[in-house]
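Asks: Could you have a look at this structure, given as structure tokens, before my questions?
Only the coordinates and a few stated rules stand behind these numbers; no lab work does. Just so it is clear, the model here is predicted, and its values are computed rather than measured. Using ideal geometry, Cβ is built from the backbone for each residue, glycine included, and neighbour counts are taken over all protein chains shown.
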Amino acid sequence: MSEMKAGAILSYLSLFITITIALTYTPIMLRLLGQSDFGLYALIGSVAAYFSVMDMGLGNAVVRYTARNKAIGDKGSEANLNGMFLILYTIIGLLTIIIGAIFLKMIDNIFGASLTVSELNKAKIMVVVLIVNFALSFPLSIFGSIMNAYEKFIIVKVVGITRSIMIPIITLSVLFLGYGPISMVVITTVINISCLLFNVFYCFKNLKINFYFGNLDFGLLKEILGYSSFIFLNIIVDQIYWNTDQFILGALTGTLSVAVYAIAMQFITIFKMFSTSISNLFLPRASAMVAKNASNEILTETMIKYGRVQYIIMSYVLSGFILFGYQFITIWAGDNYSNAYYIVLIVMIPLTIPLIQNFGISILQAKNLHGFRSIVYLIIAILNILISIPLVIKYDGIGSAVATGLSLILGHIIIINIYYNRKIGINIILFWKNILQMSIPAALALLTGFLINNFISESEVIYLTLN
């Protein structure tokens, strides 16, 4: 079996493990931590997501340029490239320490009005651990990217799966002993650094890589930074969309609201996975079609074809959540998290549309027209923040979800569909005719589900099992 096929199989295995862990590990963790400590942990997790932005999209660049040098057998250029990337990542690691220290001094001002003194002290310790984690992780992460460039997909996926399994197992053991969120961050850091150090060992022992620091190619550096810029922009947009809400809630309302919103985001993340596990395969096909000058009609047909398949999957998941999500959340997480159901629906329903149009994104990337999308999404993401603040003050987590939902409708649906139609030449009207035709049986099935539910009077657990 080839590395790529095995890597694909392991990718789906990793997806299955991620979902399984989320559904089994989270409710146990919630009950061991309590809502307040879980909210604090989720809040610091949103801070960690912003530290990860400092990668600046360079990981993708390492894979692309290392693979290119490997293909032509230029070991000298590869060693120079490795040295350049290690210098860049070391600088980023040092910047992480500086920015982290500044943020540490600002914690009281940012969260002082919403967190207790005890929570603030815990938050400061957790941030210090995060700073150490990222300061070491950035320079070490180059080795994992090099392994991807060498197409060592099996070992990369095995390391990732091992990490995903070890963290919850060790964390639960420690939580049962009575430790709290600080221990969770420490465990994640230790396991993360250990996996990265394994990558270092593997690269030197098996791939025989070299580093050379004496010839910094500024022309190549400019090219790399240019290539990474739009990837970096997309990373920023993702962070604003999926992590800023928790940060705003933590600053304005406290850890309890963050806890509820974090549970909602777990379901949103799983929902997105059902789409992205397929969409990752689209770019090579789109690139080949564009390279062969495929007509707009063919591109439209292909987008409809993939969109229909994704719509079947996403509508099935969405309908199931609409029917059973409230009961599941109250049993799985507890009655205190029931508002997560409404937060999920407010975000999930508009999110479904861009998720079934992922082939359009692949067309944009293949035609090198994704810059417009990145800029529009950044503007919409900033608008999302501006709308979120007053809505959070008045409606808590529900208000934050409404802001995200409205932003999705404006940027990811209305503007981008107009762009697909006018700039790319995709027949969006035909696309939506096909989707709307499929929506009729989906709506009827959902209505039938509602009617059946109204006649079932069993206990919640039996109710969920029978359905």
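Asks: Using DSSP H assignments, which helices in the chain have an axial alpha-carbon span of 30 Å or above and a mean Kyte-Doolittle hydropathy of -0.5 or higher? Intermediate results must be reported in sequence, preceding the final value.
Replies: Details: long enough: 3-33 (41 Å, 1.30); 75-111 (51 Å, 1.32); 117-149 (47 Å, 1.36); 153-176 (35 Å, 2.08); 181-202 (32 Å, 1.80); 218-252 (46 Å, 0.90); 255-279 (35 Å, 1.35); 296-332 (48 Å, 0.72); 370-407 (35 Å, 1.37); 428-454 (38 Å, 1.33).
Membrane-span-like by this criterion, though nothing is claimed about a membrane: 3-33, 75-111, 117-149, 153-176, 181-202, 218-252, 255-279, 296-332, 370-407, 428-454.
Asks: Which whole-percent values make up P(r) of region 226-467 when all C-alpha to C-alpha distances are grouped in 10 Å steps starting at zero?
Replies: Each 10 Å bin holds this share of Cα pairs: 7, 28, 33, 22, 9, 1, 0.
Asks: Take each of the peptides 403-410, 40-47, 423-430, 214-221, average the number of other beta-carbon atoms within 10 Å over its residues, and list them starting from the highest.
Replies: Numbers: 403-410: 21.2, 40-47: 23.9, 423-430: 15.9, 214-221: 10.8.
Peptide ranking by packing, descending: 40-47, 403-410, 423-430, 214-221.
Asks: Sticking with this one: As a check on your grasp of the helix formula, calculate [θ] at 222 nm for the chain: sum -39500 (n - 2.57) over DSSP H runs of n ≥ 4, divide by the residue count, round to the nearest 500. Display every interim value, and only then the final one.
Replies: Working: 17 runs with 389 residues, N = 467.
Roughly -29000 deg cm²/dmol at 222 nm, from the helical runs in the chain.
Asks: Which one, Val185, Phe103, Ile125, projects farthest toward the positive side of the charge dipole computed for region 1-216 from Cβ point charges (K/R +1, D/E -1)?
Replies: Val185
Asks: A further question on this structure: Give me the extension gain from Leu197 to Thr18: residue separation times 0.36 nm, minus the current Cα-Cα distance, reported in nm with one decimal.
Replies: Numbers: separation 179, 0.36 × 179 = 64.44 nm, distance 2.27 nm.
Length difference between fully extended and current span is 62.2 nm.
Asks: Report, in listed order, any pair from Lys124/Lys222; Lys122/Lys272; Lys70/Lys272; Lys75/Lys205 with a Cα-Cα distance greater than 28 Å.
Replies: Details: Lys124/Lys222 37 Å; Lys122/Lys272 32 Å; Lys70/Lys272 33 Å; Lys75/Lys205 16 Å.
Among Lys124/Lys222; Lys122/Lys272; Lys70/Lys272; Lys75/Lys205, the Cα-Cα distance tops 28 Å for Lys124/Lys222; Lys122/Lys272; Lys70/Lys272.
Asks: Ranking request for peptides 80-89, 108-117, 244-253: highest mean number of other beta-carbon atoms within 10 Å first, then the rest in descending order.
Replies: Details: 80-89: 20.7, 108-117: 14.9, 244-253: 23.1.
Those peptides, ordered most packed to least, come out 244-253, 80-89, 108-117.
Asks: So what are the radius of gyration and Dmax for the Cα set of the chain, in Å?
Replies: 23.2, 75
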